[in-house]
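K.L.:
Dropping the structure in here first, questions after.
The values are calculated or read from the model by the stated rules, or taken from the named source; none is laboratory data. Every value quoted in this text rests on a predicted model; they were computed, and no experiment measured them. Counting neighbours? That spans all protein chains shown, and the Cβs are built from the backbone with ideal geometry, glycine included.
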Amino acid sequence: MMQKYDVVVLTDHRYVYPSKIDDYTKNVLIEDALVVNALGKLGLKVIRLAWSDPDFDWSSTKSVLFRTTWDYFDNFTQFSKWLNTISKVTTLYNSEAIIRWNIDKHYLNELKEKGVHIAETLFIEKGDQRTLKDLHKETGWTETVLKPCISGAARHTYRLNPKNITNHQDIYELLIAQESMMLQPFQNNIVTEGEVSMMVFNGRFTHAILKKAKVGDFRVQDDFGGSVHDYQPTEAEIEFAEHAVKACKEVPLYARVDLFKDNDNRIALAELELVEPELWFRHHPDAALVLAKRIKENLLTLSC
């Protein structure tokens, strides 16, 4: 079959033809447009679609680029089946293997074994019968953050302390019966200093931003009122970010490395986002062209 497109830029169904454009949706459209336009400037044939589009023939494109597929964790069974199907007929950026590896935050343990410093983390496997009080007693931690191993946009992320831990036991029991969870000591510097997002394309740092939580909250995502600021990282932060990406099972085409200073004031990895991270092109538009060039180079390599 003749391939009609070089790249399909993936979003989710809410953002294909939105009927209402609020600030959040506007940012999605701007981010995707910057990528689509950058790819087009390089002479690539591009279309933007929802990953769940039921009518598109995925074999008609040379590649697909995951960008704003921000509903995949709410429809994970469907997404997983779709991912398995399209990986057989086109090239994925990032690859199916690295997407599946990155979706489950157990990957943090693998990076730790390769010398990437992460926050202290207790992984709690599905079906565990210990209570939240049991877990806090065993670890000796008093203030913690609880979240699922497969998640996004701070889904079911809770800040726990001795005063509220009992109130979260019921929701925890429902969650742990269905999925694995992770518990970490609360990181004070995220509240006071924020979290740094480092963008790394093909193993090389390009740009960074600083995310800060609103007063009274600990979640830095803009979904919860967090703010975004320009940021010039240190050489140590750049080195850390590039090392974290190169420690992956394969070097991804794009990555967002979220860093913070832990309670011992050491640079630590919060998360490595390789599936559909916000890459903040609207703060650094030139970086969209950097990504587009990497994609074109990769496609040329594949065609040789």
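K.L.:
Restricting segment 70-90 to residues that are under 30 Å from E242 (Cβ atoms) and touching a Ser or Thr at 6+ places or on another chain (Cβ under 7 Å), which is modelled with the highest pLDDT?
P.N.:
Among residues in segment 70-90 that are under 30 Å from E242 (Cβ atoms) and touching a Ser or Thr at 6+ places or on another chain (Cβ under 7 Å), the one modelled with the highest pLDDT is T90.
K.L.:
If you don't mind, another one. Picking from L29, L34, L42, L65, which residue would you name as being in contact with a Pro (Cβ under 7 Å, 6 or more places away or on another chain) and outside the structural domain of Q178 (by TED's automatic domain parsing)?
P.N.:
Answer to the selection: L34.
K.L.:
Out of segment 72-90, which residues are free of Cβ contacts under 8 Å to residues at least 24 places away in the same chain and among the hydroxyl-bearing types (S, T, Y)?
P.N.:
Hits for segment 72-90 are T77, S80, S87.
K.L.:
If you scan segment 283-304, which residues turn out to be surrounded by fewer than 17 Cβ atoms within 10 Å (Cβ to Cβ) and either among the hydroxyl-bearing types (S, T, Y) or not in a helix (DSSP H, G or I) (or both)?
P.N.:
Hits for segment 283-304 are H283, P285, T301, S303, C304.
K.L.:
Which residue, of V46, V36, V7, V28, is under 19 Å from the mean Cα position of the chain (by Cα) and surrounded by 13 or more Cβ atoms within 10 Å (Cβ to Cβ)?
P.N.:
V28
K.L.:
Mind checking which strands (runs of 3 or more DSSP E) fall wholly inside segment 144-210 and carry at least 1 residues that are within 30 Å of H284 (Cβ to Cβ), more than 15 Å from the chain's Cα centre (by Cα) and not aromatic (F, W, Y)?
P.N.:
144-148, 181-185
K.L.:
Next up: More than 17 Å from the chain's Cα centre (by Cα), crowded, with 17+ Cβ neighbours inside 10 Å and of a type in the set (K, R): does that describe R130?
P.N.:
Against the criterion (more than 17 Å from the chain's Cα centre (by Cα), crowded, with 17+ Cβ neighbours inside 10 Å and of a type in the set (K, R)), R130 does not qualify.
K.L.:
Only one of L122, L135 is surrounded by 20 or more Cβ atoms within 10 Å (Cβ to Cβ), out of contact with any Phe, Trp or Tyr (no Cβ under 8 Å at 6 or more places or on another chain) and within 24 Å of E173 (Cα to Cα); which? Working first, answer last.
P.N.:
Values: L122 fails: surrounded by 20 or more Cβ atoms within 10 Å (Cβ to Cβ).
From the options L122, L135, the qualifying one is L135.
K.L.:
For segment 226-245, which positions are surrounded by 14 or more Cβ atoms within 10 Å (Cβ to Cβ), closer than 18 Å to G115 by Cβ and either in the same structural domain as F66 (by TED's automatic domain parsing) or out of contact with any helix residue (DSSP H, G or I) (no Cβ under 8 Å at 6 or more places or on another chain) (or both)? Give the steps one after another, and end with the answer.
P.N.:
Kept after step one, since they are surrounded by 14 or more Cβ atoms within 10 Å (Cβ to Cβ), are these residues of segment 226-245: 226, 228, 231, 233, 237-238, 240-245.
Subset that is closer than 18 Å to G115 by Cβ: 237-238, 240-245.
Result: E237, I238, F240, A241, E242, H243, V245.
K.L.:
Any residue that is closer than 26 Å to A247 by Cβ, modelled with pLDDT under 95, surrounded by 15 or more Cβ atoms within 10 Å (Cβ to Cβ) and small (G, A, S) - is there at least one of those in segment 91-103?
P.N.:
No; the residues of segment 91-103 include none that is closer than 26 Å to A247 by Cβ, modelled with pLDDT under 95, surrounded by 15 or more Cβ atoms within 10 Å (Cβ to Cβ) and small (G, A, S).
K.L.:
So is D223 at pLDDT below 90 and out of contact with any strand residue (DSSP E or B) (no Cβ under 7 Å at 6 or more places or on another chain) or not? So that I can check it myself, show each step before the final result.
P.N.:
Details: at pLDDT below 90: yes; out of contact with any strand residue (DSSP E or B) (no Cβ under 7 Å at 6 or more places or on another chain): yes.
When the stated conditions are applied, D223 passes them.
K.L.:
Can you pull out every residue in segment 6-24 that is in a loop (DSSP other than H, G, I, E, B) and either within 26 Å of N84 (Cα to Cα) or in contact with a strand residue (DSSP E or B) (Cβ under 9 Å, 6 or more places away or on another chain) (or both)?
P.N.:
D12, V16
K.L.:
How do the strands (runs of 3 or more DSSP E) wholly within segment 25-118 filter down when requiring 1 or more residues that are among the polar types (S, T, N, Q): which remain?
P.N.:
61-68, 91-93
K.L.:
Something else now. Could you tell me whether segment 24-36 includes any residue that is in contact with a Gly (Cβ under 6 Å, 6 or more places away or on another chain), of a type outside the set (D, E, K, R) and under 16 Å from K296 (Cβ atoms)?
P.N.:
Looking for residues that are in contact with a Gly (Cβ under 6 Å, 6 or more places away or on another chain), of a type outside the set (D, E, K, R) and under 16 Å from K296 (Cβ atoms), one finds none in segment 24-36, hence no.
K.L.:
Quick one: P277 ticks every box in (1) part of a loop (DSSP other than H, G, I, E, B); (2) surrounded by fewer than 17 Cβ atoms within 10 Å (Cβ to Cβ) bar one, so which box is it?
P.N.:
Result: P277 passes all but (2).
K.L.:
Filter segment 238-262 for residues that are assigned to a loop (DSSP other than H, G, I, E, B), under 19 Å from R67 (Cβ atoms) and touching a strand residue (DSSP E or B) at 6+ places or on another chain (Cβ under 7 Å) and give the result.
P.N.:
Result: L253, single match.
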